[in-house]
Amino acid sequence: MAPVRLAIDARKLTDFGIGTYLSALLRGLEGRRGIDLSVVVRPGHERRLRELAPSARPLPVAAAGYSMSEHLQVPAALWRQGVDLVHIPHYVVPALLPRPIVTTVHDVIQLFYPPAERTGLALLYLRLLLRSALLRSKVVITVSRSSRRDLINLFAADPGRLVAVPNGVDPELAIRPSAAEIEDLKEFYGLQAPLVLVVANDKPHKNLDVVLRSYHLAVRRHRVPGQLVLVGGVEPGSPLAERADRLGLTDRVRFLGRVPQSHLRALYHVASVLLHISLYEGFGLPVLEAMAAGLPVVTSNVGAMRELGEDVARLVNPLDVDEVAGAVERVLVDDPLRRRMVEAGRRRAERMTWERTVDKTVEAYRRALGED
């Protein structure tokens, strides 16, 4: 049987979130029997692609995202290859794409929590793109059952075309850095244990105001020691940092901004608890990464976070400052509870591998081609 000529749009290969998904997918598809892989990349990303999938055929396309040009240039590149199947790992499915389409929709965050600068026209365009992707795709992959429900409820999407394929986690996260590496990291960032770790960008749905207020309450009520450490898009000079100063938490809250991946992996082992109380997530990868590293998690009791954390994490109402503060305090001081959470989290992370994600994605490809 001739191999399936598969094309993947990997122009978001270096993006946060989707980039992790694409990297794992390309690495997992490398060398798979029965798949001849072509990959659409941005010019300059060919080297990164070779590192992940040396046998894949790069198709450089310079068209900007969310532009009219991508609706022409991406299909043109794929038509020249004569592919059998196209996988778009995002809701922007260019017009005129050849052959059957599989689309991954990670979330609909921008519909629930649109950026402040997003115009009404831009939101309308987003809705049209999502609706088009749902109608034109043979199979739509979502990364959680929660995201699958959202597409059904918001767009009346055909449940028969939707398949939930959860993300995986890198097993190397379970490897604890050496004591020397940990001490060097703590000295480099000026960290004082116990650490409450937050991995999030500075967007409304990340709920960072409640994070800060909850930590302030825990400090004021029970004089919780240590520091709150925020990793991601929150910089030291941000409005949130200014609010921490006004609350008297200047030395108790560390805003590290974006850090190297190696430092983030180490921080999962240095911290005492991960606090992830977003109002909405398509999946919530930091929750799973923390579990893999043996870090107890306090997360929201809604959506994908509840789905991922059920019977493992401490689930809280993300709008209840008192409840969040109490959960953090409890996890920090209750050693038997911490041990149970660590063990349960590791077991869950061991089952949620990227290899399983790739296997389920290949099943979705076969289904789109009518082979199941």
Task: Dimensionless Rg/Rh of the range 145-230 - Kirkwood Rh, Rg from C-alpha atoms - done: 1.15
Task: Pair-distance profile P(r), taking every C-alpha pair of the chain, with 20 angstrom steps and integer % - done: 28, 55, 17, 0
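How much mean residue ellipticity at 222 nm does the chain get from its helices, if each DSSP H run of length 4 or more adds -39500 (n - 2.57) and you divide by all residues, to the nearest 500 deg cm²/dmol?
After summing the helix terms and dividing by the residues of the chain, the value is -13500 deg cm²/dmol.
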TODO: Counting only C-alpha contacts under 8 Å and six or more residues apart, can you give the relative contact order of the chain as a whole percent?
DONE: 15
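Check each of the GluC sites (Glu not before Pro) in the range 115-202 and keep only those in coil by DSSP with at most 14 other C-beta atoms within 10 angstrom; list them in order.
In loop regions of the range 115-202 (DSSP not H, G, I, E or B), the sparsely surrounded GluC sites (Glu not before Pro) are Glu117.
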- [ ] Provide the per-residue ³J(HN,Hα) series for the range 17-24, in order, calculated from phi with Karplus coefficients 6.51, -1.76, 1.60 and θ = phi - 60°, each as a whole number of Hz, with x at glycine and proline positions.
- [x] x, 4, x, 4, 4, 5, 4, 5
Open item on the list: So if a site counts as exposed when it's one of the chymotrypsin sites (Phe, Trp or Tyr not before Pro), its DSSP state isn't H, G, I, E or B, and it has at most 12 other Cβ atoms within 10 Å, what's the longest stretch of the chain without one?
Closed with: 67-372
- [ ] May I ask you to evaluate 6.51 cos²θ - 1.76 cosθ + 1.60, the Karplus curve with θ = phi - 60°, for each residue of the range 115-132 and list the ³J(HN,Hα) values in order in whole Hz, giving x for glycine and proline?
- [x] x, 4, 7, 6, 7, x, 5, 5, 5, 5, 4, 4, 4, 5, 5, 5, 4, 4
Open item on the list: Below 16 Å, Cα to Cα, which lysines can Lys360 reach? Residues fewer than 8 away in the same chain don't count.
Closed with: Lys138
Task: Within the range 40-126, trypsin sites (Lys or Arg not before Pro) in DSSP loop having at most 13 other beta-carbon neighbours inside 10 Å - done: Arg118
Task: Radius of gyration, Dmax [the range 188-346; alpha carbons; angstrom] - done: 14.0, 38
TODO: Could you tell me how many degrees, from 0 to 90 and to the nearest 10, lie between the Cα long axis of helix 208-222 and the main elongation axis, the longest principal axis, of the Cα atoms of the chain?
DONE: 20
Task: Asn207 long-range amide H proximity, modeled H, under 5 Å - done: Leu279
Task: Using alpha-carbon coordinates, inclination of helix 179-189 to the longest axis of the chain, degrees - done: 90
TODO: Taking every Cα atom in the range 28-141, find the radius of gyration and the maximum pairwise distance Dmax, and write them in Å.
DONE: 15.2, 46
Open item on the list: Between the range 236-312 and the range 1-40, how far is it from one alpha carbon centroid to the other, in angstrom?
Closed with: 29
Task: Phi to ³J(HN,Hα) by Karplus 6.51 cos²θ - 1.76 cosθ + 1.60 over the range 134-145, Hz, x for Gly, Pro - done: 5, 7, 8, 8, 5, 9, 10, 8, 10, 9, 7, 5
Task: Amide H partners (placed H, <5 Å) of Ile8, local residues excluded - done: Ser38, Val39, Val40, His87
- [ ] Between Arg243 and Leu124, with labels modelled 7 Å along Cα→Cβ, what's the label distance in nm to one decimal, could you check?
- [x] 3.3
Task: Long-range amide H partners of Val297 with built H, under 5 Å - done: Leu274, Arg314
Open item on the list: For the range 7-69, take every pair of Cα atoms, bin their distances at 5 Å starting from 0, and report each bin as a whole percent.
Closed with: 4, 20, 31, 25, 13, 6, 2, 0
Open item on the list: I'd like the orientation of helix 335-351 relative to the chain: the angle between its Cα long axis and the longest Cα principal axis, in ° from 0 to 90, rounded to 10.
Closed with: 10
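Every number here is computed from the coordinates shown, using simple stated rules; none is lab data. All figures in this text were calculated on a predicted structure; none of them were measured in a lab. All Cβ positions, glycine included, derive from the backbone under ideal geometry; neighbour counts span all protein chains shown.
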